[in-house]
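Following: one structure in structure tokens, then a few remarks.
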Amino acid sequence: MHGLGRVEGQDPLGVFVAETFLCLVCGYRQERHPVYVDDAPAPRPDQETKGMMNSSSSAYLNVPTVLLEHLPIGIAIFDAHLVLQRSNRLWARFIEGYNLLSPEHVEPGAHLYDLIPGSETQLQRLISQVLRGESVQQEAFGIYSQGVTYYWDLSLAPLIGNGQKQGFVLVMSDATDRKLADRLLSERETQYLSIFEATTDGLLILSPQRVVVEANPAACRLYGYAISELVGQDAQVLLSAAHQAALEAAIEEVATRGEFLVQGLGMHQNGTPLHVELHGVPFSYRGQPHVLVVARDITEQVQAYQLLEQRVEERTHELSTLLEVSNNIVSTLELKPLLNLVLEQVKTVVDYTFASLTILGEERVEVVDWHAPTPSPGPPRRLRSSTLMQALDQIIEQKTPIILANVPTDPHPLNADLLLMQRAGAAIDEEDLCCWMGVPLLFRDRVVGVLSLNHADPGYYTPRHASLTLAFANQVAVAIENARLYEQARELATLHERQRLARELHDAVTQTLFSASLIAEVLPFLWEENPEEGKRRLEDMQRLTRGALAEMRALLLELRPSGLIETPLSDLLRHLTDALTGRTRLRAELTIHSTPRLLPAEVQMTLYRIAQEALNNIIKHARATRINVLLNFQPEHVMLEIQDDGRGFDQSSVPPDHFGLQIMRERAQTIGAHLHIESQPQVGTRIAIVWQAEKDRKRA
């Protein structure tokens with residue numbers, strides 16, 4: 001606003017108010033200049049102001065009142081002594097509201113410092129300037145009142161008359177909201193800048209031309225550049241050339257999709273490749289649309305995933321190998337071939353220079369088999385347990401594998417294993433044996449033996465080898481126990497067959513021979529009285545003796561090893577189902593309810609024979625794919641149930657003795673058991689045998 005000189009027919013202060021109003025309406029602000037209120041011409045900038053004010057009151061009485069009162073800013077006029085001469089209502093309300101003054105206190109004659117107490121020091125500099133004839137502007141002038149700081153925009157212009165500084169005009173507008181908003185904005189900018197600088201994720205701002213215009217320290221560390229080097233580079237610096245197309249397409253889609261997510265291979269400044277994940281979103285930067293990119297180093301995650309895939313692949317291979325080895329082992333029930341197979345198969349899982357299998361007996365330890373570079377043709381020797389017990393105590397007690405990184409220099413007592421192998425007949429060079437690993441053979445939480453592996457390389461075996469070998473050893477223990485059970489089953493079968501032979505000798509062969517002996521006694525008398533009848537009786541005796549001989553031979557062929565009555569029925573049935581599965585590949589599952597117990601010999605033999613007969617019938621006739629065997633031990637009774645999913649049969653149209661059903665019924669009757677048979681065509685057959693002890697039957 002230009003300085004106001006002498007204006008013909010107009011009040012200079014009115015012109016000042018008018019121009020102030022125009023500034024507000026037009027939206028521009030200019031520096032205030034002095035207001036001249038006398039009739040003399042206004043001095044030029046380089047001349048001293050001349051003329052005196054006729055009366056001081058003339059400067060305050062000719063202001064356009066209507067315009068002054070309706071301006072949206074506070075205006076007050078003070079004389080050179082800082083005494084209020086006039087103000088509009090808005091200025092008065094400012095003072096009344098902020099200082100809690102009553103309206104009568106904001107009247108002409110009040111001193112400026114009384115109206116704005118506590119601001120003397122701050123106002124003194126401004127007033128000194130304006131009384132020297134300078135126009136002054138102060139934005140966000142802070143005034144503390146009633147515990148609150150308020151902010152005003154101040155504009156002061158001197159009033160000059162007759163060359164004298166008569167006073168000044170004070171224009172005020174409330175800037176508290178703007179000041180607080182500016183402060184909040186500044187705080188947020190500081191916070192955002194702190195977050196931008198402190199976050200561990202790389203942050204980069206891309207211009208519409210895909211140039212890096214800003215980056216935080218994390219992004220600089222990620223790519224290995226200084227901030228000055230990274231800013232100004234093309235977005236291609238974010239990913240390698242192989243992933244540029246994906247990055248370009250992703251940035252293109254930001255405007256439509258609102259974000260993008262790209263993973264690819266980036267490059268550190270030193271040439272080190274790194275896997276990065278880029279997440280971009282639209283971003284306004286300095287009033288222009290940009291893209292904010294969050295760059296995260298996922299190299300460790302990618303490497304961990306790759307390592308996991310590698311381990312899964314290795315584990316899958318190991319499990320496949322163990323499955324194959326397990327199938328090979330369980331297919332052999334003969335103990336000696338099984339032991340040799342075990343040492344051959346373990347080499348496919350864990351390498352060794354030589355290996356041995358040691359079985360723990362009740363009173364002695366036996367090296368049952370070994371593989372060595374130059375094996376001795378002689379058989380392994382049996383050694384008393386005292387020879388090896390000291391060496392095996394730790395494995396037996398801990399039931400965990402033990403690894404010795406260097407056997408020759410390790411004072412561990414398990415070095416005795418080498419001596420044991422040499423005594424067993426293996427030709428072994430001590431200098432080639434450095435690393436030793438012993439793995440327990442566990443069966444039902446009981447150590448039944450030890451698998452020893454030796455390698456020529458020191459420190460060759462690791463806990464991973466031990467874990468893998470232990471999984472193999474657990475299957476070996478089961479296979480060895482199965483082989484033992486197989487031998488016991490054969491012995492039990494022999495005993496049973498001998499007992500059955502004795503019974504059948506009494507029931508069949510003895511009766512035949514008795515009949516033949518009777519014929520032999522009466523034959524001489526018959527021959528004398530009637531030669532023809534005697535000849536016929538002689539032929540009968542010959543037929544009986546030949547039949548008895550044939551039956552005897554048949555019974556002798558059925559002899560098997562003893563032990564059927566000494567082994568729990570649950571173990572016998574398990575042997576049957578396992579053997580059936582191995583022989584026919586049918587799925588035969590055995591379920592045992594409650595705790596198994598020994599049964600009377602006859603009951604156990606009968607239930608075993610019924611189960612054997614039922615399983616044989618299923619194999620021959622049922623065409624089943626699955627067999628379920630249930631043995632339920634209850635305090636009052638024992639139930640044996642055999643069920644298949646075969647073709648079944650119609651019970652109403654099948655003879656009672658078909659499929660061996662009559663034989664099973666007769667066997668059940670011999671021990672007082674109840675036999676129940678259910679069958680439907682194309683559904684399957686269920687056979688249930690329930691036996692109660694004599695006292696339980698009487699009580700029932």
Extension gain (nm, one decimal) between Phe283 and Gln233, 0.36 nm per residue minus Cα-Cα = 16.1 nm
task = Give the peptides 141-154, 441-454 in descending order of average Cβ contacts within 10 Å, highest first.
result = 441-454, 141-154
inquiry  = Translational diffusion coefficient of region 135-192 at 25 °C, 0.890 mPa s, Stokes-Einstein with Kirkwood Rh over Cα pairs, in µm²/s as a whole number.
reply    = 183 µm²/s
inquiry  = Under 5 Å between amide hydrogens, which residues at least 5 positions from Thr353 or on another chain qualify, with H placed 1.01 Å from N in the peptide plane?
reply    = Asn454, His455, Ala456
remark   = Protection proxy (average C-beta count within 10 Å per residue), highest first, orders 618-629, 467-478, 118-129 as 467-478, 618-629, 118-129
query = How would you order 261-270, 85-94 from highest to lowest mean count of nearby Cβ atoms within 10 Å?
reply = 85-94, 261-270
note = Amide H contacts under 5 Å for Asp369, restricted to residues at least 5 apart in sequence or on another chain and with H modeled in the peptide plane, are Leu357
ask   = For region 86-128 and region 511-533, what is the separation of their C-alpha centers, rounded to whole Å?
value = 159 Å
query = Roughly how compact is region 251-356, stated as its Cα Rg over 2.2 N^0.38 Å to two decimals?
reply = 2.10
Contour minus Cα-Cα distance for Leu630 and Ser194 (0.36 nm per residue) = 149.7 nm
ask   = Taking the inverse of the average 1/r across all pairs of different Cα atoms in region 199-297, what Kirkwood radius in Å do you get?
value = 13.2 Å
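With a ≥ b ≥ c the root eigenvalues of the C-alpha gyration tensor of region 569-699, is it rounded (a/c under 1.5), prolate (a/b larger than b/c) or oblate? Please list the in-between numbers first.
Numbers: a/c = 1.98, a/b = 1.30, b/c = 1.52.
Note, shape of region 569-699 comes out oblate.
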ask   = Roughly how many whole Å is it from the C-alpha centroid of region 178-215 to that of region 342-361?
value = 67 Å
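Rule-based calculations on the coordinates, nothing more; no lab input. This one's a predicted model, so the numbers in the text were calculated from it and none came from an experiment. No Cβ is skipped: glycine too gets one built from the backbone with ideal geometry, and neighbour counts run over all protein chains shown.
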